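Enquirer: Below you'll find the structure I mean.
The values are calculated or read from the model by the stated rules, or taken from the named source; none is laboratory data. None of the values given here were measured: they were computed from a predicted structure. So basically every Cβ, Gly included, is an ideal-geometry build from the backbone, and we count neighbours across all protein chains shown. These accessible areas exclude ligands, DNA and RNA; they are computed on the full protein's heavy atoms, side chains included. Shrake-Rupley method; radii C 1.70, N 1.55, O 1.52, S 1.80 Å.
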Amino acid sequence: MTEADRPRPLRDPAPLLELVRRQWRQQRAAGGPAADLWVFGYASLIWRPEFATTESHPTRVHGWHRALKMWSRINRGTPAEPGLVFALLAGGSCRGVVYRVPHREAEAVLVALWEREMPTGVYDPRWLPCATPHGPVAALAFTLSRRSPSFTGELPAEQVRHILHHASGRYGSTLDYARRTDDCLRAHGIRDRALARVLAHAPPI
């Protein structure tokens, strides 16, 4: 992929990172478990978190649901053959995993998360309430607006089938991404019916 082929950033991610830093510093004033950084994973952050944690717990967020409805033109597709990745969309609820990051490691983890999840500023980072054995905590999560140009909307079955058969990017195919997420969710006792319907269009293993 040439530099000209790379999607342009939707917005500068740096101000969003600084906002999240300030919000997290304010939360630290509560002390106890809330003084650490909590991160909510709902897809690849479950099977490939790439940061050290002191604990993790299955949990559920309300008001948001996991959906394979975000275009991916680098990681799981290309500009010519876009793939799909997951996002949190408003509505419903989502079971996932919440991770605890010691506050001393929080700054390095935030920077790493921004490099991974926010190079184009596509997500809207939010603090979502998550239940933990310590009580509720506010966890950082990456959500997507339906007004975003990266939101796919409802795709026809034939287009989903084509993507699962053909779309692939620098981290592999959309199909592998979807299957690995499904496998990991099942390992945590999570059954995602919407994902199962998507995978019904996949080529046989």
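Enquirer: Got a number for residues in segment 142-169 being among the basic types (Lys, Arg) and more than 17 Å from the chain's Cα centre (by Cα)?
Expert: Quick first cut of segment 142-169, residues among the basic types (Lys, Arg) only: 146-147, 161.
So of that shortlist, the ones also more than 17 Å from the chain's Cα centre (by Cα) come out as 147, 161.
Count: 2.
Enquirer: Another question about this same structure. So, residue 178, is that one open to solvent by less than 20 Å² (accessible area, probe 1.4 Å), in contact with a strand residue (DSSP E or B) (Cβ under 7 Å, 6 or more places away or on another chain) and part of a strand (DSSP E or B) or not?
Expert: Taking the combined requirement at face value, the residue does not satisfy it.
Enquirer: So which residues in segment 57-83 are touching a strand residue (DSSP E or B) at 6+ places or on another chain (Cβ under 9 Å) and open to solvent by 60 Å² or more (accessible area, probe 1.4 Å)? Don't jump to the end; show me each part of the working.
Expert: Looking only at segment 57-83, we keep the residues that are touching a strand residue (DSSP E or B) at 6+ places or on another chain (Cβ under 9 Å), and these are 57-78, 81-83.
Correct list: 58, 60, 62, 73, 81.
Enquirer: May I ask you to list the residues in segment 155-175 that are assigned to a helix (DSSP H, G or I), of a type outside the set (A, V, I, L, M, F, W, C) and open to solvent by less than 40 Å² (accessible area, probe 1.4 Å)? It would help to see each step written out before you state the result.
Expert: Of the residues in segment 155-175, the ones assigned to a helix (DSSP H, G or I) are 157-166, 174-175.
Applying the additional criterion that residues be of a type outside the set (A, V, I, L, M, F, W, C) yields 158-159, 161-162, 165-166, 174.
Of everything in segment 155-175, just one residue is assigned to a helix (DSSP H, G or I), of a type outside the set (A, V, I, L, M, F, W, C) and open to solvent by less than 40 Å² (accessible area, probe 1.4 Å), namely 174.
Enquirer: For segment 159-182, give me the residue count where each residue is of a type in the set (D, E, K, R) and without any contact (Cβ under 8 Å) to a residue 60 or more places away in the chain. Explain how you work it out, then say what you get.
Expert: Just the residues of segment 159-182 that are of a type in the set (D, E, K, R), to begin with: 161, 170, 176, 179-180, 182.
Then drop every residue that is not without any contact (Cβ under 8 Å) to a residue 60 or more places away in the chain, which leaves 161, 176, 179, 182.
Within segment 159-182, residues that are of a type in the set (D, E, K, R) and without any contact (Cβ under 8 Å) to a residue 60 or more places away in the chain number 4.
Enquirer: Do the conditions hold for residue 108, that is, is it surrounded by 16 or more Cβ atoms within 10 Å (Cβ to Cβ) and either polar (S, T, N, Q) or within 30 Å of residue 31 (Cβ to Cβ) (or both)?
Expert: Values: surrounded by 16 or more Cβ atoms within 10 Å (Cβ to Cβ): no; either polar (S, T, N, Q) or within 30 Å of residue 31 (Cβ to Cβ) (or both): yes.
Judged against the criteria, residue 108 is not a match.
Enquirer: Something else now. Can residue 29 be described as in contact with a Phe, Trp or Tyr (Cβ under 9 Å, 6 or more places away or on another chain) and aliphatic (A, V, I, L, M)?
Expert: Details: in contact with a Phe, Trp or Tyr (Cβ under 9 Å, 6 or more places away or on another chain): no; aliphatic (A, V, I, L, M): yes.
Taking the combined requirement at face value, the residue does not satisfy it.
Enquirer: With the checklist (1) open to solvent by less than 50 Å² (accessible area, probe 1.4 Å); (2) under 26 Å from residue 174 (Cα atoms); (3) in contact with a Gly (Cβ under 9 Å, 6 or more places away or on another chain); (4) not basic (Lys, Arg) in hand, flag the one item residue 89 doesn't pass.
Expert: The one condition residue 89 does not meet is (3).
Enquirer: Can you find a residue that is of a type outside the set (Phe, Trp, Tyr), open to solvent by 50 Å² or more (accessible area, probe 1.4 Å), at pLDDT below 95 and not in a strand (DSSP E or B) anywhere in segment 92-103? Even if it seems obvious, please write down each step before you answer.
Expert: Taking segment 92-103 and keeping what is of a type outside the set (Phe, Trp, Tyr), we get 92-98, 100-103.
Those still in the list that are open to solvent by 50 Å² or more (accessible area, probe 1.4 Å) too: 92, 95, 103.
Subset that is at pLDDT below 95: 103.
Next, only the ones that are not in a strand (DSSP E or B) stay: 103.
Yes, there is a match, as at least one residue in segment 92-103 is of a type outside the set (Phe, Trp, Tyr), open to solvent by 50 Å² or more (accessible area, probe 1.4 Å), at pLDDT below 95 and not in a strand (DSSP E or B).
Enquirer: Let me confirm something: among 132, 120, which residue is within 17 Å of residue 46 (Cβ to Cβ), open to solvent by less than 40 Å² (accessible area, probe 1.4 Å) and in contact with a Pro (Cβ under 9 Å, 6 or more places away or on another chain)? Steps first, answer last, please.
Expert: Details: 120 fails: within 17 Å of residue 46 (Cβ to Cβ).
Checking each option against the conditions leaves just 132.
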